[in-house]
Amino acid sequence: MATMRAIQMTEFGGPEVLALAELPVPEAGEGEVLIEVSRAGVNFGDTHTSNLQNPVHDYMAPGSFQVTLTACNAGGCSTVSQIVTVPGP
């Protein structure tokens, strides 16, 4: 079976929770396509999520950032987005 190298994230956290893994190469099923990814980017939203009622994130640089909150329960999900401005020191 052919394998590929992949980066996996199995827990919440920063870059320290990203781990290199050897996985079987996926196969496209009926009505599906397989896309080869040679490079990918990872940003804050990909690694930092929270199930806390009032999560806080410390931004390292001033600027304006789009923040998205998605809250879910058994009845479904609701999402809101807003631009927040982080002042300089």
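The values are calculated or read from the model by the stated rules, or taken from the named source; none is laboratory data. It should be emphasised that the depicted structure is a prediction, and the values quoted were computed from it without experimental measurement. Note that each Cβ is placed from the backbone with ideal geometry, even for glycine, and that neighbours are counted across all protein chains shown.
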Original post:
Could you give every pair whose Cβ atoms fall below 7 Å, whose first residue belongs to the stretch 1-16 and is farther than 24 Å from Asp58 by Cβ and surrounded by fewer than 10 Cβ atoms within 10 Å (Cβ to Cβ), and whose second residue is modelled with pLDDT of 80 or more and of a type in the set (Asp, Glu), counting only separations of at least 6 or pairs across chains?
Top reply: Arg5/Glu22
Original post:
Got a sec? Which of Val37, Val67, Val56, Val80 is surrounded by 10 or more Cβ atoms within 10 Å (Cβ to Cβ) and β-branched (Val, Ile, Thr)?
Top reply: Val67
Original post:
Out of the residues in the stretch 10-64 that are assigned to a helix (DSSP H, G or I) and either at pLDDT below 75 or within 18 Å of Gln82 (Cα to Cα) (or both), which is nearest to the chain's Cα centre (by Cα)?
Top reply: Asp46
